[in-house]
1. Grab the Cα-Cα distance for Thr99 and Phe229, subtract it from 0.36 nm times how many residues apart they are, and report the gain in nm with one decimal.
2. Using per-residue counts of other Cβ atoms within 10 Å, averaged over each peptide, order 145-158, 185-198 from highest down.
3. Cβ neighbours within 10 Å, averaged per peptide: list 129-140, 104-115 in order, most packed at the top.
4. How many percent of DSSP beta bridges within the chain run antiparallel, rounded to 5?
5. Would you mind getting the Kirkwood hydrodynamic radius of the range 257-364 from its Cα pairs, rounded to one decimal in Å?
6. Report the semi-axes of the equivalent ellipsoid for the chain in whole Å, largest first, where each axis is √(5λ) for an eigenvalue λ of the Cα gyration tensor.
7. If you place +1 on the Cβ of every Lys and Arg and -1 on the Cβ of every Asp and Glu, how big does the dipole about the Cα centre of the chain come out, in debye to the nearest 20?
8. Over the chain, what is the mean sequence separation of C-alpha contacts under 8 Å (at least six apart), divided by residue count, expressed as relative contact order in percent?
Amino acid sequence: MTELSKSEAAINEPSVASPAPSSFLEVRDLKVHFPTDDGLVKSVDGLSFQLEKGKTLGIVGESGSGKSVTSLGIMGLHTAGQYGKRKAQISGEIWLNGTELLSADPDHVRKMRGREMAMIFQDPLSALHPYYTIGAQIVEAYRIHHNVDKKTARKRAIEMLERVGIPQPDKRVDSYPHEFSGGMRQRAMIAMSLVNNPELLIADEPTTALDVTVQAQILDLIRDLQKEFGSAVIVITHDLGVVAELADDILVMYGGRCVERGPAEKVFYEPRHPYTWGLLGSMPRLDREQQERLIPVKGSPPSLINIPSGCAFNPRCPYADVPKDNVTRTVRPELTEVGGRHWAACHMSQEERERIWTEEIAPKL
Ligand SMILES: Nc1ncnc2c1ncn2[C@@H]1O[C@H](COP(=O)(O)OP(=O)(O)OP(=O)(O)O)[C@@H](O)[C@H]1O
Ligand code: SF4
Ligand SMILES: [Mg+2]
């Protein structure tokens with residue numbers, strides 16, 4: 001056995017040592033690695049979080065930080081999509097309503113998709129089949145989980161299209177995806193995701209391709225439907241502003257790991273990680289001039305094949321030299337609690353971070 005296949009074997013055998021958690025969704029030490037010709041891409045590298053029913057978690061991070069791979073992993077779809085040629089290595093535990101998904105029978109997980117968990121994909125065209133009408137696709141999604149005739153399912157499809165704000169739903173139900181605008185397709189996909197009232201809804205960048213008004217409508221819609229069905233929702237975005245209002249908790253991802261997580265108002269108003277400060281600094285603000293709006297975090301996201309040693313953020317962090325003995329470049333900081341249910345992974349002392357945030361960062365935002 002080669003080194004790689006040895007580790008592959010180990011990582012593909014999920015061990016369920018720990019008991020079922022009390023949380024509705026609990027992700028424990030999730031790793032999703034992709035073997036490629038250039039090396040192992042560690043897209044998600046030890047991610048843990050919990051989510052309760054009726055609550056919303058916002059996952060935020062730059063492009064390539066592992067947000068979509070995380071959600072595809074939860075859905076059991078990490079091998080699908082644009083890459084998916086080689087077997088992904090996945091390990092850790094994903095508990096959904098008492099079932100551990102990584103060690104569960106794939107047929108069982110397939111049956112859970114749609115009803116127990118559903119996803120709004122980043123690109124609606126990839127989720128909708130071009131050759132079938134919108135209605136036919138929603139009908140199919142409904143009938144997988146409900147033993148009803150086509151007429152009943154069609155009625156349900158029209159009802160759902162109406163719920164998501166598609167005008168003349170009884171006519172549009174027979175349209176093909178290409179006959180819909182981007183915003184309408186997004187709504188149709190949401191209708192399809194919600195047709196079975198999923199208990200967990202993952203919305204991956206549900207708004208990026210849409211104009212601001214439609215964005216707001218879609219987010220309102222997710223909120224309304226969540227209230228109605230009491231679902232747990234994960235909203236994935238690179239824009240902290242989107243989740244600041246919508247989410248109960250926020251998880252900030254960097255290089256496949258969580259660098260900060262906690263109640264939304266804490267992460268937003270008392271962030272304790274320099275990367276989160278950077279994200280807040282790059283947020284569009286209505287009271288700023290257009291050219292001042294985007295101050296991106298300087299530098300580029302890390303390579304997921306050669307993740308920087310120590311703190312992965314160190315090459316871009318303006319405070320990398322604050323902690324003594326070069327520790328930021330040699331020792332990976334673990335998440336530590338910085339307040340009630342609020343964690344951050346940084347070697348700077350909490351006092352130091354509080355001071356920098358209050359005196360140097362917050363006044364400039
Ligand atoms: N099957 C795969 N094989 C190799 N690399 C992959 C595979 N799937 C994803 N990746 C890589 O994993 C990293 C994380 O990807 P992911 O799609 O999760 O990012 P993201 O945070 O959703 O970014 P974005 O905001 O652009 O959607 C990227 O560098 C991507 O290229
Ligand atoms: S550990 Fe060091 S490099 Fe990483 S965020 Fe904290 S100060 Fe910056
Ligand atoms: Mg993505």
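1. Numbers: separation 130, 0.36 × 130 = 46.80 nm, distance 2.07 nm.
Between Thr99 and Phe229, full extension yields 44.7 nm more.
2. Values: 145-158: 15.5, 185-198: 24.6.
Listed from highest to lowest mean packing, they are 185-198, 145-158.
3. Numbers: 129-140: 18.4, 104-115: 14.2.
Final packing ranking: 129-140, 104-115.
4. Values: 30 of 49 bridges.
Of all bridge pairs located within the chain, approximately 60 percent are antiparallel.
5. Values: mean 1/r = 0.0682 Å⁻¹.
Across the range 257-364, the inverse of the average 1/r is 14.7 Å.
6. Details: eigenvalues 254, 132, 67 Å².
Ellipsoid half-lengths, sorted descending, are 36, 26, 18 Å.
7. Numbers: 43 positive and 49 negative charges, 162 e Å.
Charge dipole of the chain: 780 debye, to the nearest 20.
8. Numbers: 656 pairs, mean separation 65.2, N = 365.
Taking the mean separation of contacting Cα pairs over the length of the chain, I get 18 percent.
Read the figures in this text as sums done on the coordinates, not as results from a lab. Predicted, not measured: the structure shown is a model, and the values here were computed from it. Using ideal geometry, Cβ is built from the backbone for each residue, glycine included, and neighbour counts are taken over all protein chains shown.
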